[in-house]
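Shown next, in structure tokens, is the structure this report addresses.
The values are calculated or read from the model by the stated rules, or taken from the named source; none is laboratory data. It should be emphasised that the depicted structure is a prediction, and the values quoted were computed from it without experimental measurement. Backbone-built Cβ (ideal geometry, glycine too); neighbour counts: all protein chains shown. Remember, those area values only see protein heavy atoms, side chains included, never the ligands or the DNA or RNA. Shrake-Rupley method; radii C 1.70, N 1.55, O 1.52, S 1.80 Å.
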Amino acid sequence: MAVLDISNLCIEFPTRRGVLSAVEDLTLSIEAGEILGIVGESGAGKSLTGNAIVGLLEPPGHVTEGVILLNGRDITHLPESEMRKIRGAQIGVIFQDPLTSLDPLYTIGQQLTQTILTHKKMSNAQAKAWAIELLNEVGIPAPERRFDAFPHEFSGGMRQRVVIALALCCDPCLIIADEPTTALDVSVQAQIIALLKRLSREKGVATMLVTHDMGVIAEAADRVAVIYSGRLAEIGDVRSVIDAPKHPYTKGLMDSIPQIGQNLKILPNIVGAMPRLDARPDGCAFNPRCSKAKFICHQQAAPLIEAGSVGQRAACWVYEGGEKYV
Amino acid sequence: MSEQSLLEVQGLKMYFDVSPPLVTRLLNRMPRQVLKAVDGLSFSIERGKTFSLVGESGCGKSTVARAVAGLYKATDGNIIIDGQDLANANGKSKITDISRRMQMIFQSPYASLDPRWRVRDIIAEPIRAFDLANDKRDERRQVEQLLVQVGLSESDGEKYPHEFSGGQRQRISIARALSSKPEFLICDEPTSALDVSVQAQILNLMTELQDELGLTYLFISHDLAVIDHISDWIGVMYLGRVCEITPKAELFSNPRHPYTKLLLETIPDLRGGSHRKPLEGEVPNPITPPSGCTFHPRCPFANERCTREQPVLKEYGPAKVACHAVDEERI
């Protein structure tokens, strides 16, 4: 059974100018020990999906349809008091900016032990020992000494390690990492990715890695889901999606990333930009930018259709009826 | 100074006083603290070429951009633009002349456009400041021309910045930068706030404009793939100093400085998958930089001399490298 199983998730925002549907009919699942990458442009709905799982959607946004199963348990519409027991205990969350997710007024030791004591029956001494072990595990040198340090005494990379230690406090089965490396330098980024990978392998944690950086996905993820304007455009094994993307959007996206040693004068790019939620065209949201768009693309959004390698599916009418394109 | 170079930076130093308040300092007998954001930097940019500075955050690349743009007054050193020294430029007319000829594009297209101004006013501001239009009609014509040039439509001038997406806003900033008809553009991370598909559009626009108008770029970025795409020459910075200046092809095929090598190894590789080696450690605090070569604590080739003596830039073929190990032919 998958650790996380989302089916037909819809998230809507009622506004004065009508209802905006930010996420539409999203279905995906993550197995234990697997890292699923979620990529998309800003505003595509990737962070919203992560927030919906942990019950942190900003009102008026809310889940209108669909089911989120965590280890088989429906957590879609749990009351806040129940959700609090799951968040932090079964689901660990890592946010983009490590400085804002740590409280500047408490030492990291206090923050770690408080989280542990909230969810686990432990004595203070046990909690401290566990916290130090966690700090050691995420690669903070001399954790006994650093235990009483404040967040500002750490560098960016070290702070992100503390945040990861916080997420791991109660042996979660699922980690949601929302742009965990975006605020960090490339050299530190590599360290954090290596850490996330090691943790998911060793502890069998299912990880949802939300990012806009294809390089990070290529390196860390086992499978990848590409989101465009609130809908799943393509999902599949990371190597097949990157090496042989099937959805025209994914193809365009991959081509537009500059590569070292490519020596192109002009980069291939997708014309236009992702539509705003209130101006999404009928049918497939990508149709105004797509060179393959045909009649049906303007009428109806495509379901996920098998394309390319095993398990790779693209939401594109081009593949209907087993057709091949490129 | 060579004939072709448009910008020449010589021994640029940019120090910031970050001492605690006077009373605290006296009571605790603390010394003054100086942050050497840029410490003796020299490079030159040929006319019509792109020179890029790359490095991790806090290495001083944006400070260089701001100093060159005249937003900071340099602690020491010369910034010479087309033969005129920016630091010693006297008289209003001369300063106006220099500042008209260079413009800046900033990282965030959200913070760099005034939300209460119409786009046509934003773009016309430099035209008004430098008095480049004959009358209102002429100004309007110039603004419309600029909008079309950066890939927007003439009618977009009536709108406000919030009506545009990130990529379109960056086009507006480029139009504003071009409106004073500059020869030299300072681009401080112009694409790092944008999504990749939009980043490609903006990079292409910048390349087209360079061909069309013969612009010279000083390009700042932390993304080596973007740098590789856009640059002719590249300077690699570490803690306020340049460790390597080299033509683009040399940097990627034949990196010399150990830091450059390590930086290249840390790039996430899209095609190859997961084989990069994380670089150990982090950038040290620039207020208390390591002695000698500031990279020595992270450098696998460091020896006793590196901890003691600061290396200077020396020429090796087309490249200039500041490294004792390269100098002693140990690597």
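Tabulated data
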{"read-out": "Accessible area, probe 1.4 Å, largest first, for residues A:119, B:324", "value": "A:119, B:324"}
{"read-out": "Cα long-axis angle, helix A:186-203 against chain A (0 to 90 degrees, to the nearest 10)", "value": "80"}
{"read-out": "Cα centroid of the range B:284-323 to Cα centroid of the range A:82-105, whole Å", "value": "40"}
{"read-out": "Spin-label pair residue B:135/residue B:285, simplified geometry with 7 Å Cα→Cβ offset, distance in nm", "value": "6.4"}
{"read-out": "Accessible area of residue B:44 in the full protein assembly, 1.4 Å probe (Å², nearest 10)", "value": "50"}
{"read-out": "Largest-first ordering by accessible area, 1.4 Å probe, given options B:130, A:150, B:51", "value": "A:150, B:130, B:51"}
{"read-out": "Neighbouring partner chain Cβ atoms per residue of A:296-302, average, 10 Å criterion", "value": "0"}
{"read-out": "Which of A:230, A:143, B:318, positive extreme of dipole for the protein assembly as shown (C-beta unit charges)", "value": "A:143"}
{"read-out": "Span from the the range A:272-310 Cα centroid across to the the range B:236-267 one, whole angstrom", "value": "42"}
{"read-out": "Residue-averaged beta-carbon neighbours from other chains (10 angstrom radius) around A:261-269", "value": "6"}
{"read-out": "Shape of the protein assembly as shown, Cα gyration tensor, a/c cut at 1.5", "value": "oblate"}
{"read-out": "For residue A:93, distant residues with modelled amide H under 5 Å away", "value": "A:88, A:176"}
{"read-out": "Total formal charge among the other residues, if their Cβ is under 11 angstrom from that of residue A:304, Lys/Arg +1 and Asp/Glu -1", "value": "0"}
{"read-out": "The range A:173-226 pair-distance distribution - Cα-Cα, 5 Å bins, rounded %", "value": "4, 19, 36, 26, 13, 2"}
{"read-out": "Shielding score for B:228-237, defined as the mean number of other chain Cβ atoms within 10 Å", "value": "2"}
{"read-out": "Sequence-distant lysines (8 or more away, or on other chains) whose Cα lies within less than 20 Å of residue B:136", "value": "B:159, B:181"}
{"read-out": "Rounded, prolate or oblate (a/c below 1.5 giving rounded, otherwise prolate when a/b exceeds b/c) for chain A by Cα gyration tensor", "value": "prolate"}
{"read-out": "Value at 222 nm in deg cm²/dmol, rounded to 500, when DSSP H runs of n ≥ 4 in chain A each add -39,500 (n - 2.57)", "value": "-9000 deg cm²/dmol"}
{"read-out": "DSSP bridge pairs, chain A: antiparallel proportion in percent, nearest 5", "value": "60"}
{"read-out": "Residue A:158 accessible area, assembled protein chains, probe 1.4 Å, Å²", "value": "40"}
{"read-out": "Two-site FRET efficiency, residue B:96 against residue B:34, from Cβ-Cβ distance with R₀ of 30 Å, rounded to 0.05", "value": "0.40"}
{"read-out": "Neighbourhood net charge (12 Å Cβ-Cβ; Lys/Arg +1, Asp/Glu -1) for residue A:136", "value": "0"}
{"read-out": "Rounded, prolate or oblate (a/c below 1.5 giving rounded, otherwise prolate when a/b exceeds b/c) for the range B:157-227 by Cα gyration tensor", "value": "oblate"}
{"read-out": "Computed accessible area, residue A:103, all protein chains, 1.4 angstrom probe, square angstrom", "value": "60"}
{"read-out": "Cα-based helix-to-principal-axis angle, B:196-213 vs chain B, degrees rounded to 10", "value": "70"}
{"read-out": "Rounded tilt (10° steps) of A:124-137 against the dominant C-alpha axis of chain A", "value": "50"}
{"read-out": "Mean separation of Cα contacts under 8 Å (6+ apart) over length of the range B:198-331, as relative contact order %", "value": "20"}
{"read-out": "For the range A:1-35 and the range A:208-230, distance of Cα centres in Å", "value": "15"}
{"read-out": "Helix-only [θ]222 nm of chain B, DSSP H runs n ≥ 4, -39500 (n - 2.57) each, per residue, nearest 500", "value": "-9500 deg cm²/dmol"}
{"read-out": "Cross-link reach list, aspartates and glutamates versus residue A:294, counting only Cα pairs under 17 Å and skipping chain neighbours closer than eight places", "value": "A:282, A:320, A:323"}
{"read-out": "Sequence-distant lysines (8 or more away, or on other chains) whose Cα lies within less than 28 Å of residue B:36", "value": "B:13, B:61, B:73, B:248, B:261, B:314, B:320"}
{"read-out": "Residue-count net charge about residue B:154 - beta-carbon cut-off 11 Å; Lys, Arg +1, Asp, Glu -1", "value": "0"}
{"read-out": "Chain B, relative contact order [Cα under 8 Å, separation at least 6], %", "value": "19"}
